[in-house]
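The structure appears right after this line, and notes come after that.
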Amino acid sequence: MVRHGELLGDYFEDEFRAARDLRKHMAWYLKGFRVGSEIRASLAMIENIEQLRDLLGQIEQQPYPVALGEQPRGRSSSIRTIALPDKWLDDPDEYAHIEVEDLVSGG
């Protein structure tokens, strides 16, 4: 997790932005580990990598949950059906002749 945060910091060149981006991955990283609710909540609010290190240091050492490690993470349900807005495909040529200048004219 710390390495991920460090790499994000290098990418964004902004440690706060990196920490903020890393927050969304906390549940994924901690899945299967015994972590108290206070630490989980604090990890979801980190502002820098040092806070991350400090909070991770408060979690007791435990083996990697191998059974969970073999399961898919993220969206693993069936494929979603694509749904376009009503009448979206009624006239496929409606926007076929728009000039580039019209798209970026700014008004």
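For this structure, a couple of remarks:
- Inter-residue pairs, beta-carbon under 6 Å, first closer than 21 Å to Lys24 by Cα and in segment 55-81, second of a type in the set (Gly, Ala, Ser) and modelled with pLDDT of 65 or more, 6+ apart: Leu55/Ser42; Pro65/Gly32; Leu68/Gly32
- Whichever residue in segment 1-41 is among the hydrophobic types (A, V, I, L, M, F, W, C) and part of a loop (DSSP other than H, G, I, E, B) and, among such residues, is modelled with the lowest pLDDT: Phe33
- Of all residues in segment 24-57 being within 16 Å of the chain's Cα centre (by Cα) and under 11 Å from Met1 (Cβ atoms), the one that is surrounded by the most Cβ atoms within 10 Å (Cβ to Cβ): Leu43
- Unique residue being surrounded by fewer than 11 Cβ atoms within 10 Å (Cβ to Cβ), in a loop (DSSP other than H, G, I, E, B), at negative phi and at pLDDT 70 or above when the list is Pro72, Pro63: Pro63
The values are calculated or read from the model by the stated rules, or taken from the named source; none is laboratory data. Quick caveat: nothing in here was measured; it's all calculated off a predicted structure. Methodologically, a virtual Cβ is constructed for each residue, glycine included, from the backbone with ideal geometry; neighbour enumeration extends over all protein chains shown.
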